[in-house]
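The values are calculated or read from the model by the stated rules, or taken from the named source; none is laboratory data. In this text the structure is predicted, and so the values were computed from the model without any measurement. Reconstructed Cβ throughout: ideal geometry from the backbone, glycine too, with neighbour counts over all protein chains shown.
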Ligand SMILES: O=C(O)C1=C[C@@H](OP(=O)(O)O)[C@@H](O)[C@H](O)C1
Ligand SMILES: C=C(OP(=O)(O)O)C(=O)O
């Protein structure tokens, strides 16, 4: 639930599918691409246009943050079905007295992309800014961003908490002895720490080297997406090793770009085909793409689904019985995969996702609690979860203000009669249209 809303919404009766789903679904734009392109537009060398962007809480927070720092973002008529296009006029270059500008408040909500990507923008723009967010945002890992800003010579006031809320006050960075600037960070809890620095790397005087020192970095696909998006706007990132990157000083070229639909958010709809033995088609599946959601084309066949990409349309048909899976680093796809595992015929192991404890909620604990609450058998392990076959029954799925826990509940509700989801509205983080799209999909198949 949005913490600004004092009245808890009633639980949502997740539609049960009494017959196989047969539907064609188009989902809204990618959160990760929209928020990357918004950030880059704000520091580009001229006005840029995002076509078919996502309009959701996370993108609205990003827009508000960049506007607070001085960018102008206008909604302009477009051809997308999910809202207007966006025209972005970048921030003005920091003048000598920028640091004396009044402190701006930036609400990060629960958006990882806002809390990790915007502080370096504010610092380099020399705009004093205070960052805060939802109650749970204060527990999400932020220490690496704060540490990186300090290494770059900026002052960050965090009352020693190494978390939200904090204030970035000084800038632009004092001249450094190292050129390019060399930042050593631990990105073991989120790939967004690396992306945040690469996105602004070309604006750091002398350029930037980012070196990860620590455990394995999760969600590597998202770093590759950052590198790809940067290349698209004329910024080359040199991958100097598996854990270090270099960006030369330069400019972000203004752009006009079409945002792909969100393939992670396509996941619950594809899962609907899986759990009902039905068929779901997603037109305009982007190829090639750097979105992690393209992995559905590998994951779903391993779980027994039939997947075909023909003339740009991805078609998934579900099996009679879903198979369990052993999957490493499913990243943000994990909650949807976990829903499939909970109704699979054999054991599943989702590993390499310890960092999900720092997502919108502690997703490992949440998934285990909610599967168990519905009568299933799930266990948290060091770096993931194990799910074993056991019949599920009706019950309420708690969403923990986590959009992917809410859609996890919706997927289970198709397969198990009598599931209700607490706070389905939390899906507005990345897909405000979710309940309507879901109900329409089930209605067309004759669900309850
Ligand atoms: O950069 C991004 O757009 C994202 C990176 C990933 O974060 P983590 O590396 O923290 O998993 C992913 O889970 C998140 O949904 C979006
Ligand atoms: C982890 C996620 O989001 P965020 O961008 O807030 O980290 C997610 O969407 O699954």
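In region 366-393, which residues are within 16 Å of ligand 1 (Cβ to nearest atom) and either over 21 Å from residue 187 (Cα atoms) or surrounded by 23 or more Cβ atoms within 10 Å (Cβ to Cβ) (or both)?
Matches in region 366-393: 366, 367, 384, 385.
Taking residue 196 as the residue in question, decide whether it is away from ligand 1 (no atom under 12 Å from the Cβ) and part of a helix (DSSP H, G or I).
no
Do we find a residue being closer than 20 Å to residue 137 by Cα, buried (at least 24 other Cβ atoms within 10 Å of the Cβ), in contact with a strand residue (DSSP E or B) (Cβ under 9 Å, 6 or more places away or on another chain) and without any contact (Cβ under 8 Å) to a residue 60 or more places away in the chain anywhere in region 394-405?
yes
A quick yes/no check of all residues on (1) away from ligand 2 (no atom under 16 Å from the Cβ); (2) surrounded by 22 or more Cβ atoms within 10 Å (Cβ to Cβ):
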position: 136; (1), (2): no, no
position: 140; (1), (2): no, yes
position: 144; (1), (2): no, yes
position: 186; (1), (2): yes, no
position: 195; (1), (2): no, yes
position: 204; (1), (2): yes, yes
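Listed residues 51, 26, 75, 87; which is under 27 Å from residue 134 (Cβ atoms), surrounded by fewer than 19 Cβ atoms within 10 Å (Cβ to Cβ) and in contact with a strand residue (DSSP E or B) (Cβ under 9 Å, 6 or more places away or on another chain)?
Residue meeting the stated conditions: 75.
Give 327, 314 a once-over and let me know the one that is in the same structural domain as residue 288 (by TED's automatic domain parsing), closer than 14 Å to residue 352 by Cβ and not in a helix (DSSP H, G or I).
327
Considering only region 83-112, state which residues are over 16 Å from residue 47 (Cα atoms), modelled with pLDDT of 95 or more and away from ligand 1 (no atom under 16 Å from the Cβ).
Once the filter is applied, which keeps residues that are over 16 Å from residue 47 (Cα atoms), modelled with pLDDT of 95 or more and away from ligand 1 (no atom under 16 Å from the Cβ), region 83-112 yields 83, 84, 104, 105, 106, 107.
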